[in-house]
Amino acid sequence: MRTEHVITAKGFCRADIETVLDRAAALEAAETSAIDRHPDAVLALLFFEPSTRTRMSFDTAIKRLGGTSIEMGSVEGSSIAKGESLADTVRVVAGYADAIVLRHPSQGAAKMASEFVDVPVINAGDGAGHHPTQTLLDLYTIRKHVGLDDLTIGIMGDLKYGRTVHSLAIALTQFEATQHFISPESLAIPAGVRYDLEEAGASITDHRTLLDILPELDLLYVTRIQRERFPDESEYRAVAGEYGIDLDTLASAADHLRIMHPLPRVDEIDPAVDETDHAIYFEQAHNGIPVRMALLDQVL
Amino acid sequence: MRTEHVITAKGFCRADIETVLDRAAALEAAETSAIDRHPDAVLALLFFEPSTRTRMSFDTAIKRLGGTSIEMGSVEGSSIAKGESLADTVRVVAGYADAIVLRHPSQGAAKMASEFVDVPVINAGDGAGHHPTQTLLDLYTIRKHVGLDDLTIGIMGDLKYGRTVHSLAIALTQFEATQHFISPESLAIPAGVRYDLEEAGASITDHRTLLDILPELDLLYVTRIQRERFPDESEYRAVAGEYGIDLDTLASAADHLRIMHPLPRVDEIDPAVDETDHAIYFEQAHNGIPVRMALLDQVL
Amino acid sequence: MRTEHVITAKGFCRADIETVLDRAAALEAAETSAIDRHPDAVLALLFFEPSTRTRMSFDTAIKRLGGTSIEMGSVEGSSIAKGESLADTVRVVAGYADAIVLRHPSQGAAKMASEFVDVPVINAGDGAGHHPTQTLLDLYTIRKHVGLDDLTIGIMGDLKYGRTVHSLAIALTQFEATQHFISPESLAIPAGVRYDLEEAGASITDHRTLLDILPELDLLYVTRIQRERFPDESEYRAVAGEYGIDLDTLASAADHLRIMHPLPRVDEIDPAVDETDHAIYFEQAHNGIPVRMALLDQVL
């Protein structure tokens with residue numbers, strides 16, 4: 001069998017995506033636990049930078065499949081701190097584990113790692129690069145709670161640095177979604193991503209304010225605007241305020257509008273919104289489990 | 001089923017306590033391992049401050065029940081460091097795990113967390129608040145090695161800041177223990193705890209020195225006096241010396257006196273005491289396993 | 001049953017070694033997984049200093065045997081940071097786990113720990129002391145890929161501080177290997193180790209350059225020369241260059257020469273060597289799994 005790596009969402013065709021989502025749905029719907037599926041499996045979690053949520057989600061997924069995990073722990077004090085190359089680290093770990101989940105600060109790290117080993121490598125984020133399992137869980141959430149067909153989606157916040165939304169926007173072109181991008185000019189979607197979207201025949205429109213388009217949306221995907229993107233605090237405050245939402249903001253939204261957020265959130269969504277039917281961001285986070293179970297089940 | 005949280009020992013009635021202790025005793029006495037009890041269970045260990053012993057003890061307990069754990073890891077580099085609220089963190093994790101063990105520096109954190117999730121939350125210490133599983137393992141140890149009825153106990157050391165001893169003293173009122181508090185005046189039991197004890201009809205007496213009362217004791221519970229409570233080292237040294245014990249101190253103790261300590265100890269108990277029949281503090285630590293197994297078994 | 005500790009490779013006789021290696025070989029050759037062997041086992045991983053590779057290798061080994069692990073985590077914020085003694089830490093943990101793997105910066109720590117507990121203690125490195133499982137996996141690798149009989153081995157690099165090579169050299173005397181030591185004078189094998197080797201009847205020769213002896217070798221064991229051993233960078237660079245290998249260096253090597261390295265490597269072996277049949281250092285790392293499984297299987 002050819003080793004199956006999961007490096008980028010870019011290569012997924014519609015059928016690939018649906019295979020994973022169907023498997024995730026089947027796992028979620030199952031009446032019995034899945035712990036008899038992979039009782040022998042050992043999954044290596046190699047996180048070269050911390051990402052609590054993603055790490056815990058993969059760890060839960062492998063354990064829900066009956067397998068277990070081994071962790072590299074923090075980079076300080078590891079072999080890496082002694083000057084070991086990524087290629088050497090993954091080649092050693094490939095002799096311990098049946099698959100490797102890799103998080104790394106450098107773009108291209110997961111691809112490079114996959115070339116050195118013959119166990120599956122799953123990219124859990126590589127710097128400004130890709131984070132395909134986030135995209136899959138986003139798609140799963142949309143399909144489950146809103147529907148992927150005839151979707152009108154607004155994507156708001158930091159569209160410049162937000163790796164998550166680039167992958168999602170690209171993937172949504174496979175489902176012919178109507179996409180509205182809402183951001184300050186300084187955080188608009190980069191030219192490269194825009195080019196890819198247009199190549200893929202995406203229907204995209206830019207907006208400076210949410211209210212222009214809110215009533216038409218089925219789904220609003222909100223992202224965190226990071227303080228460190230702005231030279232001073234006051235500028236950050238102004239932008240963060242304008243691209244955050246609360247109950248007042250939602251007055252003109254459709255009843256069926258659903259709101260997603262990759263989490264963690266800081267101030268972008270007022271906690272009062274949590275109590276409304278609009279909020280599905282916690283379900284979205286929870287959906288990481290069946291989706292990652294499905295992916296692991298597929299590659300193991 | 002109503003979700004069962006374990007937040008404070010204060011609410012435990014005698015019957016609640018005995019139910020847990022009986023279950024712990026049954027688990028400890030069982031001839032076969034308990035790994036078939038909860039093979040599907042995933043326990044989240046959310047330690048917002050380190051507590052090696054408590055974390056390892058819960059981790060062992062869930063694994064002895066056949067389940068597994070997921071860990072948040074250190075707070076640095078986690079979603080919390082990015083500004084996420086406790087409410088958001090626990091709501092996400094509640095979608096991963098079947099129960100949450102929470103350690104947090106802020107009093108009331110466990111109670112608050114339990115209001116946001118529908119999986120059981122077990123308080124593993126919340127600042128100056130509660131640490132109910134420590135109390136249960138203390139009671140289990142007393143019942144097993146000394147007996148809870150007609151107990152005459154001395155509690156010595158830091159009675160002001162020692163959360164452990166407050167909960168224990170309150171719980172012991174349910175068993176009509178005779179309680180002697182031995183501490184320097186500056187570390188005496190606080191007025192609030194004293195009030196609660198008197199309300200509960202406790203029989204309590206204060207002492208400045210152990211030797212006054214040592215011969216009458218069935219049990220001596222020693223706690224660590226923390227260096228950081230004292231403005232200077234010499235004052236600390238003087239107090240720590242006076243409220244520590246060694247073989248000489250124990251000359252007037254009854255043969256059946258047993259000594260407990262929540263550990264880690266520093267200088268409070270001379271290692272020579274370890275070899276005597278008085279010492280049961282290592283058994284006490286070990287009793288954390290059956291007690292936490294019993295609690296997990298009850299809430300899962 | 002007498003508790004079986006694994007503290008040093010020094011005490012292993014040839015039969016002891018072969019028992020472990022045979023068991024490792026059987027585990028590696030088995031067609032079914034070993035997860036039914038120790039489903040109840042809980043292994044404590046107490047790493048008082050980080051060692052990613054060794055920790056992950058033991059963690060994998062216990063999980064491949066069906067058991068599970070509990071970890072102390074980093075020393076900061078642990079009970080040890082509060083001033084707890086090693087004796088107390090291991091006595092507490094001995095009540096949680098069925099065996100303890102101990103890594104500690106102080107020579108003699110594992111031996112001392114083993115005297116306080118009645119569960120097996122496995123030394124995973126104690127400062128300048130011993131690291132017996134590294135020696136066993138080295139021997140396993142030699143036996144599997146080269147053969148232990150009539151072996152002519154070169155050991156190159158830091159022979160002064162390299163704990164790994166001291167243990168290996170001593171163990172090889174049991175198999176009557178011909179040993180060549182290649183190092184700068186400042187990093188030559190210490191007098192004490194040399195004395196032990198001579199007592200054991202070892203056939204040893206010293207060399208200042210590899211090329212003198214390379215054509216005769218069946219096996220070359222390369223170790224890392226640590227920057228911190230040298231007062232200035234330029235001196236380090238000169239030595240590291242002279243005792244590193246690349247394809248040119250290997251021109252005069254026998255075809256059947258095999259190269260080992262305990263990893264992590266930095267610059268000692270050029271990556272171009274990885275592609276040759278000489279390189280077995282990744283297999284060597286992987287062999288840590290069956291060897292540690294065999295040892296755990298033996299003591300549990």
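Any read-out appearing in this document is the output of simple, stated calculations on the displayed coordinates, not a laboratory observation. Just so you know, these numbers come straight off a predicted model, no measurement behind them. When we count neighbours, we look across all protein chains shown, and the Cβ atoms used for this are built from the backbone with ideal geometry, even at glycine.
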Within-10-Å neighbourhood charge of residue B:202 [Cβ basis; K, R +1; D, E -1]:
-3
Run the dipole for chain A about the Cα centre, Lys and Arg Cβ at +1, Asp and Glu Cβ at -1, nothing else charged, and hand back the magnitude in debye, nearest 20.
940
Mean shadow area (nm²) of the C-alpha convex hull around chain A is 16.3
Round to a whole angstrom and tell me the spacing of the C-alpha centers of segment A:122-140 and segment B:164-192.
54
Along the Cα→Cβ direction, 7 angstrom out, place labels at residue B:299 and residue C:283. What is the inter-label distance in nm?
5.1
Once the label point is placed 7 Å from Cα along Cβ, list for residue A:106 the distances to the corresponding points in the other copies, in nm, shortest first.
4.0, 4.0
Let me spell out the model: positive unit charges on the Cβ of Lys and Arg, negative unit charges on the Cβ of Asp and Glu, origin at the Cα centre of segment A:133-286. What dipole size does that give, in debye rounded to 20?
480
On the first, second and third principal axes, largest extent first, how far apart are the outermost C-alpha atoms of the protein assembly as shown in Å?
89, 83, 52
Give me the percent of Cα-Cα pairs in segment B:133-286 that sit more than 23 Å apart, rounded to a whole number.
30
Of all trypsin sites (Lys or Arg not before Pro) in segment A:171-268, the ones in DSSP coil with at most 15 other Cβ atoms within 10 Å are A:208
Once the label point is placed 7 Å from Cα along Cβ, list for residue C:283 the distances to the corresponding points in the other copies, in nm, shortest first.
5.4, 5.4
Environment charge at residue A:108 (Cβ cut-off 11 Å; Lys +1, Arg +1, Asp -1, Glu -1)
-1
What is the distance in Å between the Cα centroid of segment B:1-40 and that of segment B:215-249?
34
Please compute the alpha carbon radius of gyration of segment A:151-214, then divide it by the globular-protein estimate 2.2 N^0.38 Å. Two decimals is fine.
0.99
Quick one: of the DSSP bridges fully inside chain A, what percent are antiparallel, nearest 5?
0
Across segment A:148-153, in residue order, what do the Karplus-derived ³J(HN,Hα) couplings come to in whole Hz, using 6.51 cos²θ - 1.76 cosθ + 1.60 with θ = phi - 60° and x for Gly and Pro?
8, 8, 6, 7, 10, 10
Given charges of +1 on the Cβ of Lys and Arg and -1 on the Cβ of Asp and Glu, with all other atoms neutral, how large is the dipole of segment B:14-130 about its Cα centre, in debye to the nearest 20?
200
With a Förster distance of 22 angstrom and the Cβ-Cβ distance between residue A:149 and residue A:26, calculated FRET efficiency to the nearest 0.05 equals 0.60
Above-threshold pairs, the threshold being 31 Å between Cα atoms, out of B:63/C:82; A:10/B:63; A:63/B:10
A:10/B:63; A:63/B:10
Defining the label point at 7 Å along Cα→Cβ, can you sort the distances from residue B:145 to the same site in each other copy, shortest first, in nm?
5.1, 5.1
Under 12 Å from the Cα of residue A:160 - aspartates and glutamates, other chains or at least 8 residues apart
A:185
Dipole of the protein assembly as shown, positive direction: furthest Cα of B:127, C:47, A:256, with charges on the beta-carbon
A:256
For the pair residue A:198/residue C:176, report the inter-label distance in nm, with labels modelled 7 Å from Cα in the Cβ direction.
8.0
Pop a pseudo-label 7 angstrom from the Cα along the beta-carbon direction at both residue A:248 and residue B:247 and give the gap in nm to one decimal.
7.6
With DSSP loop assignment and no more than 16 other C-beta atoms within 10 Å, the GluC sites (Glu not before Pro) in segment A:161-252 are A:176
